[in-house]
Structures are given as C-alpha cells and as structure tokens.
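First the structure, in the form of structure tokens, and then the observations on it.
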Amino acid sequence: MAVTATAAVDRTLAALADPHRRRVVDLLAERPRPAGELARELGLTAPAMSRHLKALRTSGLVEESHPEFDARVRIYALRPEPMVHLLRWLEESERLWSAQLAAFKAHVETGA
C-alpha cells in the first residue's frame, strides 16, 4: 500500500475511533444533514458537534456545503474516497490472515 493510502487509512481510523463520529457517519449514510440536526440526534452541544465535524472533515470523511437559500446553514454529507482506502486495507489484511491461517492449518494437519 502506498504511503498516501496508508496515511488516508490512518486518518480514517483515527476519525472513526470516536463513537460519536461513527454515529455521525451512520446518520450521514442515510442522507446529508445539517449540523444542528446531527447535534440533536446525538444529544451533543453545538460546540461539541462542531469539534466532531471538524475531525471528520479533516479526515476527508465528510464534506460541507451551504444551500443557496441560507449561507449560514451547513449541510454535511459523506465522501466515499476514505472508505475505499479503508476497504482496500481490510481486503489486504484479510488475504494475509487467510494465507497465514491456511498455512497454520496445513502445518497442524501434517504434524498430527
């Protein structure tokens, strides 16, 4: 895996390490939402929600936009790219572990 892909996976995992941010990702998987709605759903204050959304934006997991009718409103939506890197890393890890377990099984079976 390239260094940039590794860094992307690191940023994604760091952002997803917090349960509130994972819940935000779950909610945004349903549809884009304004920050206030996310805060209400999670029972968080506006400043706490802002900190979580900043971490998710920094990691690249979410993006924000402003509707034309009100530039003060921020709508958050998921970005798929970080999850693609994470899925590739998980697939590589699964292949490695599957090969290791198959080799261990063969070793145990020949020794028995």
**Report entry** Length-normalised contact order for the chain - Cα pairs under 8 Å, 6+ apart - percent
**Finding:** 28
Report task. For the chain, restrict the atom set to alpha-carbon positions and state the Rg and Dmax in Å. Result -> 19.3, 73
Report summary line: In degrees rounded to 10, the 0-90 angle between helix 19-30 Cα long axis and the longest Cα principal axis of the chain is 80
Query raised in the report: Can you give the extra length, in nm with one decimal, that the chain gains between ARG22 and ALA46 once fully stretched, where that is 0.36 nm per residue apart less the Cα-Cα distance?
Result: 6.9 nm
Report summary line: Heavy-atom accessible area with a 1.4 angstrom probe orders MET83, MET49, most exposed first, as MET83, MET49
Report task. Summarise the long-distance tail of P(r) for the range 51-112 by giving the % of C-alpha pairs beyond 13 Å. Result -> 74
**Report entry** Gain on full stretching of the segment that runs from THR110 to ARG95 - 0.36 nm per residue minus C-alpha separation
**Finding:** 3.1 nm
Query raised in the report: Does anyone have the angle between helix 81-111 and the longest principal axis of the chain? Alpha-carbon axes, 0 to 90°, nearest 10?
Result: 20
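The values are calculated or read from the model by the stated rules, or taken from the named source; none is laboratory data. The structure presented is a predicted model; accordingly, all values stated were derived computationally and were not measured. Each accessible area value is taken on the protein alone, full model and side chains, heavy atoms only, with ligands, DNA and RNA left out. Shrake-Rupley method; radii C 1.70, N 1.55, O 1.52, S 1.80 Å.
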